Amino acid sequence: ANRMRRLPEGARDLLPLDVAQKQWLETRLNEVFQAWGYQRAIAPTLERLSTLTAGGAVAPEAVVRVLDGDREGVGLRPEVTASLARAFAWRMEDEKLPYRLFYNANVFRRLARGHVEAYHTGVELLGCGEAIADGEILLMLAQGLARIELSDWQLLLGHAGLTARLLTVFPAAQQGRVRQCLARLDRVGLLALPLAAPWQERASRPIGVAGGAQRRI
């Protein structure tokens, strides 16, 4: 009986107060997104593994896989960006650009300690110049944080193009794992990789550039 009452590792119940708090956050953030011209999209919970890992930001081992007889394999979404990029490439390529989408969704990841379910909200700005897009997202982020009355926050920025350039100097077999460690600022994980000392030092250097606890940029 006790085992039946216990949740799996990484799962949690959302009781009425939790639901009310979640809806309060989502409603206010959605208002900001919509004011900027973003429209809500709903991505499927299941995706092909090749879609989820296409950009290299998600490691195959982080995907909660589902056995359904599909030879290629499918998994539960660990984030939403890959699904919306796939939908845009296949179904919205003729839409007038730029195209603005936002989402509220639960996501699933497989970690060393078990599976974790979390809730994400975010936006995708497709077909817009890089500098303009970055500026729009940052302004919208600041407005969103103000709208949910969060004043004490830190901002950590990354750049996919810069990361890709940094990775080219590492052995090809280790580039994916180095990318994952950098994305999580996981210095311990970097030190555990089978890299020679000069590569270890080079891999750890970007984490030090991220700044201290009071300010991260």
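The values are calculated or read from the model by the stated rules, or taken from the named source; none is laboratory data. Values in this document were obtained by computation on a predicted structure and should not be read as measured data. Neighbour counts are summed over all protein chains in view; Cβ atoms, including those assigned to glycine, are modelled from backbone coordinates with ideal geometry. Accessible surface is based on the protein model in full, side chains and every heavy atom, while ligands, DNA and RNA are left aside. Shrake-Rupley method; radii C 1.70, N 1.55, O 1.52, S 1.80 Å.
Taking Cα centroids, how far is the range 173-204 from the range 25-90 in Å? The two parts, judged by their Cα centres, are 26 Å apart. For the chain, excluding the exposed loop sites themselves (GluC sites (Glu not before Pro), DSSP loop, at most 15 other Cβ atoms within 10 Å), the longest remaining stretch covers 150-217.
Quick one: net charge of Glu47's neighbours, Cβ under 9 Å, K/R +1, D/E -1? Each step should come with its number before you reach the end.
Values: positive: Arg48, Arg77, Arg86; negative: none.
After counting each charged neighbour, the total is +3.
The figure for Ser50 is an accessible area of roughly 60 square angstrom, using a 1.4 Å probe on the protein chains alone. Taking 0.36 nm per residue of separation and subtracting the Cα-Cα distance, full extension of the segment from Leu141 to Val19 would add 41.6 nm.
Ranking of Ile132, Ile42, Ile148, Ile137 by solvent-accessible surface, largest first: Ile42, Ile132, Ile137, Ile148 (1.4 Å probe, protein heavy atoms only, all chains present).
Rounded to the nearest angstrom and listed largest first, the equivalent-ellipsoid semi-axes of the chain from its Cα gyration tensor are 28, 25, 21.
Summarising the strand pairing of the chain, around 90 percent of its internal DSSP beta bridges are antiparallel. Only helices enter the 222 nm calculation for the chain: every DSSP H run of n ≥ 4 contributes -39,500 (n - 2.57), and dividing by all residues gives -12500 deg cm²/dmol, rounded to 500. For the range 57-184, the alpha-carbon coordinates run over 42, 35, 32 Å along the three principal axes, in decreasing order. In loop segments of the range 40-143 as defined by DSSP, the trypsin sites (Lys or Arg not before Pro) with at most 12 further C-beta atoms inside 10 Å of their C-beta are Arg71, Lys96, Arg113.
Stokes-Einstein diffusion for the range 109-192, with the hydrodynamic radius set to the Kirkwood value over Cα pairs and evaluated at 20 °C in a medium of 1.002 mPa s, equals 134 µm²/s.
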